[in-house]
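See structure below.
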Amino acid sequence: MQRIKLVAVDLDDTLLRDDLTISEHTQEILRRVRESGVVVTISTGRMLPSARPYAEQLGFDVPIITYQGALVKSVFSGEVIYECPLNEDVARLVIQYGRKKGIHVNFYLEDKLYVERVTPVGEHYERLAGVPFTRVSDLEELLEAGLPYKLLLIQEEQLIGQSLQELREILQKEGLDAHLTKSKPTYLEVNHPKATKGTALEKLADWLGVSREEVMACGDSYNDLEMLEFAGCSVAVANAHPEVRSKAKYITASNNEDGVAQALEKLVLRSAETSP
């Protein structure tokens, strides 16, 4: 196997335990990997302010992938190496769809979170992400201020697949294109077609001068599929969706069992020790 030079790790349900913390053991392994000369970054659907505390905790002074791949930016220097916001027509259509169906919609603009309605699921998201939302009367009016990096629809798990399919058909009918995927069972992410974790990871690898064969990616959900496909070394945690596990080259322990640390020890640290 090619020696790994870049590692991208998803946050929720992959690097983070269910209590949203990173174990001391995993932090130690991440430190050792970085000291060995390997670049380690975060790749998450979270907005930048929500991912920043983890990047700061781990000392990741490199561009991190946020908003599902719509923004690759360093939280320390502020340098942006890639950004790809939503198309205005797509954003407007999705907002109208959510309003018509009574679905909670998150609107992400300039590292701030906006909503039209205060809902229990929206308040739960606010606690999970650690970022407050701002209520506005009309999300469409915000499009005059700028294009969102993404929109997130939050709905009951049994209905999210139906919404994904309906939106895909509506967009196709209107001649519009977007990347639709689930990140959590109740989260439907809407991004620009070129704003995926896979595209963002490719941009970061190019910026670092690293080949895809030298890239390792770790994830658990459907929104990780593109980066797992891009990476030469793809790893799924044991708690990943079956489809995600089937696409990964390696399966490690769950997020609550230091799965990322175990994969890094085996595939990066031990591999480096045995390399000539």
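A few remarks follow.
- Between the stretch 44-75 and the stretch 171-249, the Cα center-to-center distance that results, in Å: 16
- Accessible-area ranking of K184, K112, K197, K173, largest first, probe 1.4 Å: K173, K112, K184, K197
- Label-point gap, in nm, between L159 and D206 - each point 7 angstrom along Cα→Cβ: 4.0
- Using Cβ point charges alone (K and R +1, D and E -1), the dipole size of the chain about the Cα centre works out to roughly 340 debye.
- Around the Cα centre of the stretch 1-135, unit charges on the Cβ atoms of Lys, Arg, Asp and Glu (plus for the first two, minus for the last two) sum to a dipole of about 280 debye.
- Heavy-atom SASA rank of I22, I81 (probe 1.4 Å, accessible area, largest first): I81, I22
- The stretch 1-135 - accessible surface per residue (Å², probe 1.4 Å): 42
- For the pair E144 and D18, label points projected 7 Å from Cα toward Cβ lie 4.7 nm apart.
- Scalar couplings 3J(HN,Hα) for the stretch 56-67, obtained by applying the Karplus form with A = 6.51, B = -1.76, C = 1.60 to θ = phi - 60°, are 5, 4, 8, x, 7, 8, 9, x, 10, 9, 10, 6 Hz; x denotes Gly and Pro.
- Computed from label points 7 Å out along Cα-Cβ, the spacing between E28 and V80 is 4.0 nm.
- FRET efficiency for the pair E166 and D89, taken as 1/(1 + (r/R0)^6) with r the Cβ-Cβ distance and R0 = 22 Å, rounds to 0.80.
- The accessible surface of the chain, taken with every protein chain in place and a 1.4 Å probe, is 44 percent carbon and sulfur.
- Rounded to the nearest 500, the 222 nm mean residue ellipticity of the chain from helices alone is -10500 deg cm²/dmol, with -39,500 (n - 2.57) taken per DSSP H run of at least 4 residues.
- Take the Cβ atoms of R245 and K173, set R0 to 30 Å, and the FRET efficiency comes out at 0.30.
- The chain shape via C-alpha gyration tensor axes, a/c threshold 1.5: prolate
- Considering only alpha-carbon pairs that sit under 8 angstrom and 6 or more positions apart, the relative contact order computed for the chain is 22 percent.
- Using the Cβ-Cβ distance between V118 and E229 with R0 set to 25 Å, the FRET efficiency works out to roughly 0.10.
The values are calculated or read from the model by the stated rules, or taken from the named source; none is laboratory data. Just so it is clear, the structure is predicted and the values come from calculations on it, not from any experiment. Positions of Cβ are generated from backbone atoms using ideal geometry, with glycine treated the same way; all protein chains shown enter the neighbour counts. Accessible surface areas use protein heavy atoms only, side chains included; no ligands, DNA or RNA. Shrake-Rupley method; radii C 1.70, N 1.55, O 1.52, S 1.80 Å.
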